[in-house]
Amino acid sequence: MNRMPYFRRVENRVFSASGYSGHGVAMATLAGQIMAEAVSGTMERFDVMANIPVPQFPGGKSLRYPLLVLAMTWFSLRDRL
């Protein structure tokens, strides 16, 4: 799986960056700089990050929700034990 953050332009002046995969401090700081550049009109670094391919979810759309519930239940149980 790709551990890079997910950068996308949602609308004309609406940008999103998320999914730091445990590298929150370093990657969120860099993402903030890249997002600030994008908002001010410099899109080069944002476009590089937004063009990184995102792998498909294993199992496709039909298994996405059941596997999500299963994983959340499993990790919740592990936290309680």
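The values are calculated or read from the model by the stated rules, or taken from the named source; none is laboratory data. Keep in mind that what you see is a predicted model, and the values were worked out from it rather than measured. Neighbour counts run over all protein chains shown; Cβ positions are idealised from the backbone, glycine included. Protein only, heavy atoms only, side chains kept; ligands, DNA and RNA dropped before computing areas. Shrake-Rupley method; radii C 1.70, N 1.55, O 1.52, S 1.80 Å.
Six or more apart or on different chains, Cβ atoms under 8 Å: show the pairs whose first residue is in region 53-81 and in contact (Cβ under 8 Å) with a residue 40 or more places away in the chain and whose second is open to solvent by less than 80 Å² (accessible area, probe 1.4 Å).
As it stands, the answer is PRO53/ASN2; VAL54/ASN2; PRO55/ASN2, since those pairs meet every condition given.
Would you check if ASP47 is acidic (Asp, Glu), closer than 18 Å to PHE7 by Cβ and free of Cβ contacts under 8 Å to residues at least 60 places away in the same chain? Walk me through it before giving the result.
On the way: acidic (Asp, Glu): yes; closer than 18 Å to PHE7 by Cβ: yes; free of Cβ contacts under 8 Å to residues at least 60 places away in the same chain: yes.
Yes, satisfied.
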